[in-house]
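Beneath this line is the structure, given in structure tokens, with notes to follow.
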């Protein structure tokens, strides 16, 4: 006599692929940094009196053509916030899905604050400005917004190292932990070199673009099963139960 009992199999469903809107939102997050830097470099090379070794890109928002840099701040903020929303959708159900995008969102909002509260004139820019910088109220808010924004970005890099490692991208995870050190080193050196400050800020923007593209482009199937989203209760209730299986063979005649 043969008795058959089936062993239940626990199947973890793969995470659903991001929708079209979420994918385009991620694209916004990827292009935000490069667009902002290209716009800043193009202005810096064409604006009279601007010197990358003496002036920060934020100061391009001053003067007659300052509206271009202000628009660049606003656009970058929109793209970064959209990218944060898209990345949250791409990471849903995995490590870093909540805090990583939230911190990137704070970084994006800091660009809006920088647009509405411009930096102070100084170091002879715009033309006719004194060399000494006098701190104003809007200049103080601009500086504080940049500080909060980049601290949030550095924290986001540390958080996003987890999903990078979980997807088997260990080199990327290590680099994501090193990037904040380099960014903050550039900020710390700003008193001695404005160019170091610009390099640190630019590195942060470019690394964010790279990490966003890498995380959004990694197939969901590469996630370990234990890190995927658990199936909804409704799905579980529709799954037929199966009892454990054992097979016993008895000799003929018994």
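Of everything in the stretch 90-104, what is buried (at least 20 other Cβ atoms within 10 Å of the Cβ) and outside any loop (DSSP other than H, G, I, E, B)? Give them in sequence order.
Across the stretch 90-104, the qualifying residues are 90, 91, 100, 101, 103, 104.
Filter the stretch 38-63 for residues that are surrounded by fewer than 16 Cβ atoms within 10 Å (Cβ to Cβ) and without any contact (Cβ under 8 Å) to a residue 40 or more places away in the chain; which is farthest from the chain's Cα centre (by Cα)?
Restricting to residues being surrounded by fewer than 16 Cβ atoms within 10 Å (Cβ to Cβ) and without any contact (Cβ under 8 Å) to a residue 40 or more places away in the chain, the top hit is 46.
Kindly establish whether residue 130 is within 30 Å of residue 23 (Cα to Cα) and part of a loop (DSSP other than H, G, I, E, B).
no
Sort through 178, 148, 141 and tell me the only one that's farther than 18 Å from residue 77 by Cβ and either modelled with pLDDT of 95 or more or touching a strand residue (DSSP E or B) at 6+ places or on another chain (Cβ under 8 Å) (or both).
Testing whether each residue is farther than 18 Å from residue 77 by Cβ and either modelled with pLDDT of 95 or more or touching a strand residue (DSSP E or B) at 6+ places or on another chain (Cβ under 8 Å) (or both) leaves just 178.
Out of all the residues in the stretch 149-182, which are surrounded by fewer than 15 Cβ atoms within 10 Å (Cβ to Cβ), touching a residue at least 40 places away in the same chain (Cβ under 8 Å) and assigned to a helix (DSSP H, G or I)?
Result: no residue meets the conditions.
I'd like the residue in the stretch 112-126 that is touching a residue at least 60 places away in the same chain (Cβ under 8 Å) and not in a loop (DSSP other than H, G, I, E, B) and, out of all such residues, is nearest to residue 154 (Cα to Cα).
Checked the stretch 112-126; the qualifying residue nearest to residue 154 (Cα to Cα) is 122.
Please specify each residue of the stretch 107-116 satisfying the condition of being over 10 Å from the mean Cα position of the chain (by Cα) and either modelled with pLDDT under 95 or more than 19 Å from residue 66 (Cβ to Cβ) (or both). Quick ask: steps written out before the conclusion?
Let us first name the residues in the stretch 107-116 that are over 10 Å from the mean Cα position of the chain (by Cα), namely 109-116.
Answer for the stretch 107-116, where residues must be over 10 Å from the mean Cα position of the chain (by Cα) and either modelled with pLDDT under 95 or more than 19 Å from residue 66 (Cβ to Cβ) (or both): just 109.
Does residue 28 meet the test of being part of a helix (DSSP H, G or I), more than 23 Å from residue 187 (Cβ to Cβ) and modelled with pLDDT under 95?
Here the answer is yes, as residue 28 does meet what is asked.
The values are calculated or read from the model by the stated rules, or taken from the named source; none is laboratory data. This structure is a prediction, so every number in the text was calculated from the model and none was measured. Every residue, glycine among them, receives a Cβ derived from its backbone with ideal geometry; neighbour counts consider all protein chains shown.
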